[in-house]
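The structure appears below as structure tokens.
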Amino acid sequence: MPRPTLRDTPVDDLLPMEAAMEHAALEQEIADHDRRYYQEDAPAISDGEYDALRRRYEALEARFPGIAGENSLSRRVGAKPLEKFVKVRHSVPMLSLANAFSDGEVREFVERVYRFLQRDVSAPVVFTAEPKIDGLSLNIRYENGILTRASTRGDGAEGEDVTANARTIGDIPQRLTGAGVPAVCEIRGEVYLRHDDFAALNQRYEQEGRQTFANPRNAAAGSLRQLDARVTAERPLRYFAYTWGEMTDLPERTQYDMIRRFADWGLSVNPLTQRCPAAADMLAHYRRIQELRPTLDYDIDGVVYKVDDLTLQQRLGFISRSPRWALAHKFPAERATTILEGIDISVGRTGTLNPIARLKPVTVGGVVVSNATLHNEAYISGFDGDGGTIRNGVDIRVGDTVEIYRAGDVIPKVVDVVLDKRPGDSAPFVFPEVCPACGSRAVRRFNPRTGKEDAARRCTGGLVCPAQICERLKHFVSKQAFNIDGLGDQRIEELFRDKIITEPADIFTLEDRNGTAELALEQREGWGIQSVQNLFAAIRERRTITLNRFLFALGIPQVGESTAKLLARHYGTFEHLTEAIRAAADPAGDAYAELMAIDGLGPSVIQELIDFFSEEHNVRGVDALLRQLTLEPVEQQTVHSPVAGKTVVFTGTLERLTRDEAKATAERLGAKVAGSVSKKTDLVVAGPGAGSKLAKARELGIEVIDEDAWFALVGG
Ligand code: IVH
């Protein structure tokens, strides 16, 4: 029988010589595909075919280690620098963690978990506790045990493909060994630099006259996001694995055992991970890690607690962008003292006058700080506008020695004044009463919602204030809003300054206006024909946008991404929403009650919405914009379930589920959960003791089912 071609011969049946020949041929072939994919953006084969080639290549190396020469693609350091990173959608989103700063908040977290699961001490919930590594997270994907892709977190939904770089990290195996590796196995963890490696790197850079890194985290991030993997290879990055993404099956039932498995498979895991049967143990472990912190050779910024039992993790699920089953307990921020050399005022997007401290530069936690926030006028004065004091009524003056603190990436803050060191000739700071950006009056309002004077002074210039318009425009095009590529902060500033874009609608008329006597973007310095064409294409692409993004982009105070989503889901169309908001001006009416019944909305955000849509200039601006756009319904994961799109109300006692859990399940299945029964309710789930809501449902002829029927409906 003729021998099959090399490629079809099982690796185990190859002679070393044949393996070497095939390895060399594959190396060439893969390099060609890489070039097409990365440099020419023109792949010739599918991802699956490419992966098959790579798997074969790696299998050859695994079976015949001698053939992997210095130029082996599995170290990929020979690859040419990339033009840009390729985007990767995460098959399971990469979420963030809720933070706690005190023991009390940790206890509340534990209580919340017990409440949600309807458990008490008779059935204790075990947690794990481990250091929170101060690096950057990386998803590494293995298929049939072989590393196929590494991607950064990005915005959580979509990151960047840094596979070539990740292959240069010693802690990241090219192949997982040991028992029970799932066919698809995505490991998640933190890339970091050790202190000694960081110091050596900076020393070398210093000698070479290059810019040094502020801290190990920045150095790690800069090293991982190198377009040329050869540069990454020179940096001794390390990796701790602590969670996972897509897994075709879970080999263990607890968090702790999963991490142990990771270690069995050849991954590096943090040795300070521990199981904690109760809140007191979690806090004790926190303190232990805090004590060890100065002796560790890598940066950590807190402790992460996770519910150990994976079934319970699943039941707890997620809220917004973080899991209900985990919490980051941060270490207290780092502090330093320095001199306050001046106070600058910047005007925020919503018109608040924000005082910024100009400081004598000082190092806090490895970073040089020369600016810090002073929050608002009240904060500087020492009086909160509600008859209360801040710092016992001590004001902050230029020339003062001040204490500042910095918590991770958060903007540094001025927290205190060292009164003993106050110069004799200092004077209280006089806060400006006109807006530094537009000269309009700046006022501190009595706020009817809070019943006190606002802490911040605000410009009354609204849409005529350049600071506000420009900031609003930047927000409008930002990633979470319209996400217009090629229209970054600097371009907005430039186009705004030159009066080419003075309101959002102008963005969408740019292309039509271009090429006229007044406007030739491609002739502007730093633009060029291609970049202008790209920009127009990017703008065209955003003419259709989801309602939630649109709402968020408007920059209405207090309307963040999740509020925008709630509103978009509830009202479906912009017309319904604005109609409801206008009608809600009457707080005694149904429209107001309906807004209040949306879980997650409160009176102050509702007031902001009412205010926004009752301002004539806002309405005009929004109308101009809508003439340019097509709005789509909210981004929804398409959920196929019998309750998708329905409005459900739970009432009475539920026996098998807590109320929170019932709500979370319903929402996961695409239902809206409301707090009260109205004509818009589709289904009422009533347990024993249901009263007025049940009566109302009957009166309105709405379908009412009990808890068992609910389970039957949603499948257990
Ligand atoms: S678990 C679902 N464990 O902290 C979230 N994260 O604030 C799973 N981080 O993006 C994350 N050390 O980059 C987890 N031991 C640890 C961690 C850790 C650092 C980072 C991670 C994440 C961020 C969340």
**Q.** Considering residues of segment 461-481 that are under 15 Å from I345 (Cβ atoms) and at pLDDT below 85 only, the residue nearest to the chain's Cα centre (by Cα)
**A.** E471
Q.
Restricting to segment 574-613, give me the number of residues that are touching a residue at least 24 places away in the same chain (Cβ under 8 Å), touching a helix residue (DSSP H, G or I) at 6+ places or on another chain (Cβ under 7 Å) and not in a helix (DSSP H, G or I).
A. 5
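How many residues does segment 164-199 contain that are among the small types (G, A, S) and within 16 Å of the ligand (Cβ to nearest atom)?
2
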Q) Given the conditions (1) closer than 16 Å to I169 by Cβ; (2) of a type in the set (A, V, I, L, M, F, W, C); (3) without any contact (Cβ under 8 Å) to a residue 40 or more places away in the chain, which single one is not true for A200? A) (1)
(Q) Cβ-Cβ under 6 Å, sequence separation 6+ or interchain: first residue in segment 614-629 and of a type outside the set (G, A, S), partner in a loop (DSSP other than H, G, I, E, B). Which pairs? (A) Q628/F508; L629/R543
Q | Count of residues meeting criterion [crowded, with 22+ Cβ neighbours inside 10 Å and more than 14 Å from the ligand (Cβ to nearest atom)] in segment 232-249 | A | 2
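Yes or no, residue by residue, for (1) out of contact with any strand residue (DSSP E or B) (no Cβ under 7 Å at 6 or more places or on another chain); (2) farther than 23 Å from G170 by Cα:
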| residue | (1), (2) |
| --- | --- |
| L250 | yes, yes |
| W265 | yes, no |
| C276 | no, yes |
| A280 | yes, yes |
**Q.** Residue tally, condition touching a strand residue (DSSP E or B) at 6+ places or on another chain (Cβ under 7 Å), surrounded by fewer than 22 Cβ atoms within 10 Å (Cβ to Cβ) and more than 20 Å from R324 (Cβ to Cβ), over segment 106-140
**A.** 2
Q: Could you grab the pairs with beta carbons closer than 7 Å, sequence gap of 6+ or different chains, first residue in segment 119-134 and more than 10 Å from Y305 (Cα to Cα), second one of a type in the set (S, T, Y) and in a loop (DSSP other than H, G, I, E, B)?
A: I133/Y298
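Residue-by-condition table, conditions (1) out of contact with any strand residue (DSSP E or B) (no Cβ under 8 Å at 6 or more places or on another chain); (2) under 22 Å from D155 (Cβ atoms):
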{"residue": "A456", "(1), (2)": "no, no"}
{"residue": "E494", "(1), (2)": "yes, no"}
{"residue": "L510", "(1), (2)": "yes, no"}
{"residue": "L521", "(1), (2)": "yes, no"}
{"residue": "G526", "(1), (2)": "yes, no"}
{"residue": "N534", "(1), (2)": "yes, yes"}
{"residue": "A537", "(1), (2)": "yes, yes"}
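Could you list all residues from segment 110-128 that are touching an Asp or Glu at 6+ places or on another chain (Cβ under 8 Å) and not charged (D, E, K, R)?
Answer for segment 110-128, where residues must be touching an Asp or Glu at 6+ places or on another chain (Cβ under 8 Å) and not charged (D, E, K, R): Y114, F116, L117, Q118, V125, V126, F127, T128.
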Q) Does F482 satisfy the condition of being closer than 18 Å to F550 by Cβ, buried (at least 18 other Cβ atoms within 10 Å of the Cβ), touching a residue at least 60 places away in the same chain (Cβ under 8 Å) and in contact with a strand residue (DSSP E or B) (Cβ under 7 Å, 6 or more places away or on another chain)? A) yes
Q: Return the residue satisfying two criteria in turn: it lies in segment 191-221 and is closer than 18 Å to N165 by Cβ and over 27 Å from the mean Cα position of the chain (by Cα), and of such residues it is modelled with the highest pLDDT.
A: D197
Q | Cβ-Cβ under 7 Å pairs, at least 6 apart or on other chains, segment 311-333 side of a type in the set (D, E, K, R), far side part of a loop (DSSP other than H, G, I, E, B) and within 9 Å of the ligand (Cβ to nearest atom) | A | R321/L95; R321/S96; R321/G156
Q | Every residue from segment 114-133 that is within 16 Å of the ligand (Cβ to nearest atom) and under 14 Å from M282 (Cα atoms) | A | F127, T128, A129, E130, P131, K132
**Q.** Selection within segment 371-419 - touching a residue at least 60 places away in the same chain (Cβ under 8 Å), among the β-branched types (V, I, T) and not in a strand (DSSP E or B)
**A.** V410, V418
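Is it the case that segment 340-351 has a residue that's near the ligand (Cβ under 10 Å from one of its atoms) and either surrounded by 19 or more Cβ atoms within 10 Å (Cβ to Cβ) or outside any loop (DSSP other than H, G, I, E, B) (or both)?
no
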**Q.** Meets criteria (under 30 Å from V126 (Cβ atoms), of a type outside the set (A, V, I, L, M) and touching a helix residue (DSSP H, G or I) at 6+ places or on another chain (Cβ under 7 Å)) for F318
**A.** no
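Can you tell me how many residues in segment 83-104 are touching a residue at least 60 places away in the same chain (Cβ under 8 Å), more than 14 Å from the ligand (Cβ to nearest atom) and more than 30 Å from A164 (Cα to Cα)?
1
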(Q) For segment 134-162, give me each residue that is away from the ligand (no atom under 14 Å from the Cβ) and of a type outside the set (A, V, I, L, M, F, W, C). (A) R141, Y142, E143, N144, G145, T148, R149, E158, E160, D161
Q: May I ask you to list the residues in segment 356-370 that are under 27 Å from the mean Cα position of the chain (by Cα) and either of a type outside the set (S, T, N, Q) or in a helix (DSSP H, G or I) (or both)?
A: I356, V364, G365, G366, V367, V368, V369
Q. So how many residues does segment 68-87 have that are modelled with pLDDT of 80 or more and touching a helix residue (DSSP H, G or I) at 6+ places or on another chain (Cβ under 8 Å)?
A. 1
(Q) Please go through (1) more than 30 Å from D599 (Cα to Cα); (2) at pLDDT 90 or above; (3) within 20 Å of the chain's Cα centre (by Cα) for G488 and return the number of the only condition it doesn't satisfy. (A) (2)
Q: Return a yes/no flag: does segment 536-543 have any residue that is over 20 Å from G621 (Cα atoms) and either assigned to a loop (DSSP other than H, G, I, E, B) or of a type in the set (A, V, I, L, M) (or both).
A: yes
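The values are calculated or read from the model by the stated rules, or taken from the named source; none is laboratory data. Here the structure is a predicted model, which is why all the values come from computation and not from measurement. Please note: Cβ atoms are built from the backbone with ideal geometry, for glycine as well, and neighbour counts cover all protein chains shown.
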